[in-house]
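So the structure is just underneath, and the comments pick up after that.
The values are calculated or read from the model by the stated rules, or taken from the named source; none is laboratory data. Bear in mind that the values here come from a model prediction, so they are computed numbers and not experimental data. A quick note on method: Cβ atoms are made from the backbone with ideal geometry, for glycine too, and the neighbour counts reach across all protein chains shown.
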Amino acid sequence: VKEISNNLCEVFLRKNKKISLTPKGREIYQFANQTLLAYNTLLDNLESNFEETIILGSDTSYLKTYLSTIQDNLPENRKLNVQTYSNSHQIFQALLDEQIDLGIMSGSYTQKGVLKIPLRADKLMIVGQKDLIKAFDKGEKTLFLLYHMTSSYHNFLKEFIKINQLPTQHHISIDNLSLIEHEVLKGTGITIVSQDIAERLLENESIISSSKKFKDILVKTYAIVKMDNKHYQDLISIIQKLKK
């Protein structure tokens, strides 16, 4: 500003100890302001191009189990975007359509070019409020909250009920596992869930698992990624941290 005032034109008008911009000074101010805005926009664009996004797709139940670990193990200059889906078919299709980079699911879907890595295998458990589980274990009529959705997880539940001949005639069908967790905590009924979900519920002191012996059905959880994905090496490193 001093050099402009000395060599080109007056920038400030000083009068009675007050300072204001001259007409030329206002032009310089507007130009400087536009230049600064353009510079900041350029920086934002450069940073957004430098920081790439990894898109994760899964249902809300698996996200509760794995999201924090994935976030903690993101490589530098990567950010996470999360998409939720209702079932494994939707997750697998989203991966094929390149809508997501990494999927977590329990389905049996496979296709050439898709790497499917086992993460864990959980047995199914019956859990609920103490008084409701004790009533169930005594053979009393108890309301079941059953997950009902066209999915592999639902098929595992049906098989578990069948081979253990469970009395589930008195039940409510719910298509959302998070809602089932909420209602179990409220004491609405008992439920059948995989061990990873049961462990979350059992953190509450009022929730216990059935003491009955059941024939086991294992729910297998997989991470899926396309082998030609541009983040492939980063995703493999993340998946290794998820395995249990």
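Close Cβ contacts (under 8 Å, 6 or more residues apart or on different chains) running from residues in segment 188-206 that are within 19 Å of Ser173 (Cβ to Cβ) to residues that are part of a loop (DSSP other than H, G, I, E, B) and not polar (S, T, N, Q) comprise Thr188/Leu143; Gly189/Leu143; Ile190/Leu143; Ile192/Leu166.
Before we move on, is Ser178 assigned to a helix (DSSP H, G or I) and polar (S, T, N, Q)? It is true that Ser178 is assigned to a helix (DSSP H, G or I) and polar (S, T, N, Q). Selection of segment 51-67 for residues being over 16 Å from Lys241 (Cβ atoms) and not charged (D, E, K, R) yields Thr53, Ile55, Gly57, Thr60, Ser61. The condition of being closer than 25 Å to Ile55 by Cβ and surrounded by fewer than 16 Cβ atoms within 10 Å (Cβ to Cβ) holds for only one of Lys213, Lys226, Lys230, that being Lys230. One residue stands out among those in segment 131-150 that are aromatic (Phe, Trp, Tyr) and either within 30 Å of the chain's Cα centre (by Cα) or surrounded by fewer than 16 Cβ atoms within 10 Å (Cβ to Cβ) (or both): the one that is nearest to Thr60 (Cα to Cα), which is Tyr147. Could you go through segment 199-220 and let me know if any residue there is closer than 24 Å to Gly107 by Cβ and small (Gly, Ala, Ser). There is no residue in segment 199-220 that is closer than 24 Å to Gly107 by Cβ and small (Gly, Ala, Ser). Annotation for segment 96-111: at least one member residue is surrounded by 16 or more Cβ atoms within 10 Å (Cβ to Cβ) and among the polar types (S, T, N, Q).
When Thr150 is tested against (1) modelled with pLDDT under 95; (2) in a helix (DSSP H, G or I), only condition (2) is not met.
Residues satisfying the criterion are present in segment 60-82 (criterion: on the phi > 0 side of the Ramachandran plot, modelled with pLDDT of 80 or more and touching an Asp or Glu at 6+ places or on another chain (Cβ under 8 Å)). Residues of segment 184-207 that are of a type in the set (D, E, K, R) and under 16 Å from Leu143 (Cβ atoms): Lys186 alone. Within segment 180-202, one or more residues are under 25 Å from the mean Cα position of the chain (by Cα), buried (at least 20 other Cβ atoms within 10 Å of the Cβ) and small (Gly, Ala, Ser).
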